[in-house]
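Colleague: Sharing a structure, written as structure tokens. Questions coming.
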Amino acid sequence: MTALPPTQTIGVIGAGTMGAGIAQVAAQAGHEVWLYDLSAAAVDAGLHHISTGLDKLVARGKMTSDHKDAVMGRLKPAQDLAQLANAALVVEVIVEKLDVKQDLFKKLEDICPSDTILASNTSSISITSIAAGLTHPERLVGMHFFNPAPIMKLVEVVSGLATSQDVATTIYDTATAWGKKAVYAKSTPGFIVNRVARPFYAEALRVVQEGGSDFATLDAVMRDCGGFRMGPFELMDLIGHDVNYAVTNSVFDAYYGDPRFLPSLVQKELVNAGRLGRKTNAGFYDYQDTAQPIKINDYPPVNRSLERIDVVGDCSAIASLIAILKTLEGVDLQIDENRAKPAEIKIGSAVLKLCDGRFATVRSREEGIENLIHFDLALDYATTPRIAIAKSLQATNDALLEAVAFFQRLGKQVNVIEDLPGLIVMRTVAMLANEGADAVHQQVCSPQDVDIAMKNGVNYPIGPLQWTKRIGLSTVYETLKGLGQSYGEDRYRLSPLILKMVAAGRELDTLAEKD
């Protein structure tokens, strides 16, 4: 089977924001679309919402008035489910309740011919469970769009135990024809994105809970240094803490209490207080008109000369930082990369090392480095405007100032945070990579689809497996191993796939070649 041609009709059930968005996507691809909802007023509101959105595209010159009229002409309000009888594909976008969805699809089996594909946009309910009561469960598939559907590129094509491969392939090809980035996923809790993304929130929440830094500074580091479009705290405020916390609980429960997905008491308190984020004008941030400007905890300028820099060890994980050092004028730079251990940068009395999963204080003792300063991972040290650092308890304040002055000389804002394992970007990236690798190991999806899903479903700068390839699997491995030792929790256990590749002396090679 191939993509459904535009000559075939699409049915969408549920006229809320997501349902209307999916209907718009199908209509813009040339299909006649019947939009149904139990409430006729909801259908009218959904069509009005689509029209208003298209008017904005016309006003910006992204669409002609004639094209807009043609799209709206293909959108039809349905007063009865029976009007979807001739649809080649019916997409359900209703309440996230298993019994309600099962009842709807049983009705659709009686209405639609046997070759109609039935799809659910569920983000959390098992496709296998939804299909369980159907006469022909093989034609039910997950077609999970991301909000807002007309803008977000990703569609997860989710197969339950009974889903026909031909049906999944047709939906994959159809989503692609509609201009989306489609990925295949097995029906497991969270599918790809909602599973792999949990550490993005969880690790940041843990750092705040442990007093690592304030959330605004951590958001700035994750944006500027990590390259993420939004920091975890502002993103949780946007999503809504009730929604984000509920998804975390759902995944945690579905995986029988796996500590990897443990919900945060910090977020629970916000939910208990009714501070749900933007929707209530209060979450981590204050969104009222009277709110005070947000202050990022940037370190004040340090006036120190920089005369000599010594770099010793393997620089592969910080290659872009070394490239900047080579452009500095008036500095005696000595580089010796002939050692297998991770690189250390010596400036005066300070020894700077890319953080791993250990406390700088513990690493200082284990490696015999008194004035150890950890610095965080960056997507690109050449372009990041800031860097997070932390000192070991043994390090002098003078060593800290030398480290601050060093990064300020490179044009970076410096954020000094508490000494915690993996700081913020490194621990987050390592955990995202670990979860992505485990999804591959458990046959949920292909390695390529992990990266496609995270880049196009939640706008990560690069996929977590691509990032692993960039900094080296050994860096991720050592970080995760150190986190496990630092916390003594199963939460940080290594994916068997990573263990296997490290034991073989291999990178995750070809696992992330496809965009």
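The values are calculated or read from the model by the stated rules, or taken from the named source; none is laboratory data. Predicted model only: the values in this text are computed from it and were never measured. Counting neighbours? That spans all protein chains shown, and the Cβs are built from the backbone with ideal geometry, glycine included.
Colleague: Would the stretch 393-408 turn up any residue that is at pLDDT 95 or above, buried (at least 24 other Cβ atoms within 10 Å of the Cβ) and not in a helix (DSSP H, G or I)?
Modeller: Checked against the condition, which is being at pLDDT 95 or above, buried (at least 24 other Cβ atoms within 10 Å of the Cβ) and not in a helix (DSSP H, G or I), the stretch 393-408 yields at least one hit.
Colleague: Separate question: Write out, first by first residue and then by second, each pair whose Cβ atoms fall under 8 Å of each other, whose residues are 6+ apart or on separate chains, and whose first residue, in the stretch 406-427, is closer than 19 Å to Thr383 by Cβ while the second is of a type in the set (Asp, Glu) and not in a loop (DSSP other than H, G, I, E, B).
Modeller: Close Cβ pairs satisfying both conditions: Gln413/Asp224; Ile424/Glu203.
Colleague: Consider the stretch 323-354. How many of its residues are in a strand (DSSP E or B) and over 22 Å from Leu420 (Cβ atoms)?
Modeller: Adding up the residues that qualify gives 7.
Colleague: Still on this structure, please answer the following. Which of the residues that make up the stretch 110-140 are among the hydroxyl-bearing types (Ser, Thr, Tyr) and within 27 Å of Arg195 (Cα to Cα)?
Modeller: Within the stretch 110-140, Ser120, Thr122, Ser123, Ser124, Ser126, Thr128, Ser129 qualify.
Colleague: Something else about it: How many of the residues making up the stretch 209-249 are of a type in the set (D, E, K, R) and farther than 17 Å from Lys412 by Cα?
Modeller: 6
Colleague: Go through the residues of the stretch 284-295 one by one and say whether even a single one is among the aliphatic types (A, V, I, L, M) and modelled with pLDDT of 95 or more.
Modeller: No, that holds for no residue.
Colleague: Considering Gly368, Gly357, which residue is under 24 Å from Glu418 (Cβ atoms), touching a residue at least 24 places away in the same chain (Cβ under 8 Å) and not aliphatic (A, V, I, L, M)?
Modeller: Result: Gly357 is the single residue among Gly368, Gly357 that is under 24 Å from Glu418 (Cβ atoms), touching a residue at least 24 places away in the same chain (Cβ under 8 Å) and not aliphatic (A, V, I, L, M).
Colleague: Go through the stretch 150-166 and report how many residues are crowded, with 22+ Cβ neighbours inside 10 Å and either hydrophobic (A, V, I, L, M, F, W, C) or modelled with pLDDT under 95 (or both).
Modeller: 4
Colleague: In addition: What number of residues within the stretch 137-149 satisfy the criterion of being surrounded by fewer than 21 Cβ atoms within 10 Å (Cβ to Cβ) and either part of a loop (DSSP other than H, G, I, E, B) or modelled with pLDDT under 95 (or both)?
Modeller: 2
Colleague: Restricted to the stretch 193-219, and to residues that are among the aromatic types (Phe, Trp, Tyr) and touching a Ser or Thr at 6+ places or on another chain (Cβ under 9 Å), which residue is surrounded by the fewest Cβ atoms within 10 Å (Cβ to Cβ)?
Modeller: Filtering the stretch 193-219 for residues that are among the aromatic types (Phe, Trp, Tyr) and touching a Ser or Thr at 6+ places or on another chain (Cβ under 9 Å), the one surrounded by the fewest Cβ atoms within 10 Å (Cβ to Cβ) comes out as Tyr201.
Colleague: Among the residues of the stretch 250-287, what is the count of those that are at positive phi and surrounded by 21 or more Cβ atoms within 10 Å (Cβ to Cβ)?
Modeller: The qualifying residues number 1.
Colleague: Okay, next question. Name the residue that is surrounded by the most Cβ atoms within 10 Å (Cβ to Cβ), counting only residues in the stretch 220-249 that are in contact with a Pro (Cβ under 7 Å, 6 or more places away or on another chain) and part of a helix (DSSP H, G or I).
Modeller: Checking each candidate, the answer is Met222.
Colleague: Tell me whether the stretch 296-318 contains one or more residues that are under 30 Å from His241 (Cα atoms), touching an Asp or Glu at 6+ places or on another chain (Cβ under 7 Å) and not aliphatic (A, V, I, L, M).
Modeller: yes
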